[in-house]
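Peer 1: Structure in structure tokens, see below.
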């Protein structure tokens, strides 16, 4: 079967796709039993789903040899290999690399310019969602704003963890699947543009917030994490 069709077939099953998302967000290794417990399925069924995902190279596995004897457990994690599906075939990654190289040589890709563009794109995405809801940001509660943010985040490969203090609502914004990972080595300005894009998402929803990067894949971390404090609005 054509590789593209194999990927589509593997991810077309709702449970298997959810398992893939679980492994992707986990970032570390997961066992068959963890998946079975998470999705309330028999370990043999979990193993079958994981094997099919590994067959199409969206996850990988290795045996965990503890040295204590017994049968080693197989652990699974997300693959570093990127699987792209476009119909008909397109080379958008190649185009991105060519354009970045051209901009760098023309001295047009200044950090400030890319950051401004990234921030505007982030704001525009949220503003389009608010427009479709026929609402403004001031008409949304904090939880509703998080819901809007989560809808964008799920599509882009981010997840949100929230907490609260007396002065501010706090959340950690995890980028577990950087959409520009393959381009970062080409230009660190891509990373700066991405940070500005995330800032734009928050800027379109909150008037008073602080965002600080805590971890980054540029420093060999498994994901990028941004800690955000959103000031509480007095009633």
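Peer 1: Based on the Cβ-Cβ distance from residue 57 to residue 170, what FRET efficiency comes out when R0 is 35 Å, to the nearest 0.05?
Peer 2: Values: r = 38 Å, r/R0 = 1.07.
About 0.40, to the nearest 0.05.
Peer 1: Can you compute the FRET efficiency between residue 37 and residue 129 using 1/(1 + (r/R0)^6), with r the Cβ-Cβ distance and R0 = 35 Å? Round to the nearest 0.05. Don't skip to the answer; put the middle values down first.
Peer 2: Values: r = 34 Å, r/R0 = 0.98.
Between residue 37 and residue 129 the formula returns 0.50.
Peer 1: Treat the count of other C-beta atoms within 10 Å as a stand-in for reagent exposure and order 23, 56 from fewest to most. Walk me through the intermediate numbers first.
Peer 2: On the way: 23 23, 56 19.
In order of increasing Cβ crowding within 10 Å: 56, 23.
Peer 1: Also, I was wondering about something else. To make sure I understand, if each residue's beta carbon is the centre and we count other beta carbons within 10 Å, what order do 27, 16, 71 fall in, fewest to most? Write out the running numbers ahead of the final one.
Peer 2: On the way: 27 15, 16 18, 71 6.
Ordered from fewest to most neighbouring Cβ atoms within 10 Å, 27, 16, 71 come out as 71, 27, 16.
Peer 1: What is the distance, in nm, between label points placed 7 Å from the Cα along the Cα-to-Cβ direction at residue 210 and at residue 17?
Peer 2: For the pair residue 210/residue 17, the computed spacing is 4.1 nm.
Peer 1: Something else: What FRET efficiency do you get for residue 138 and residue 217 if R0 is 30 Å and r is their Cβ-Cβ distance, rounded to the nearest 0.05? Don't jump to the answer; show the numbers that get you there.
Peer 2: Values: r = 35 Å, r/R0 = 1.17.
About 0.30, to the nearest 0.05.
Peer 1: Let me ask something else. Grab the Cα-Cα distance for residue 161 and residue 8, subtract it from 0.36 nm times how many residues apart they are, and report the gain in nm with one decimal. Walk me through the intermediate numbers first.
Peer 2: Details: separation 153, 0.36 × 153 = 55.08 nm, distance 3.02 nm.
The residue 161-residue 8 span can extend by a further 52.1 nm.
No lab work stands behind these numbers, since they all come straight from the coordinates. It should be emphasised that the depicted structure is a prediction, and the values quoted were computed from it without experimental measurement. FYI the Cβ positions are ideal-geometry reconstructions off the backbone, even for glycines, and counts take in every protein chain you see.
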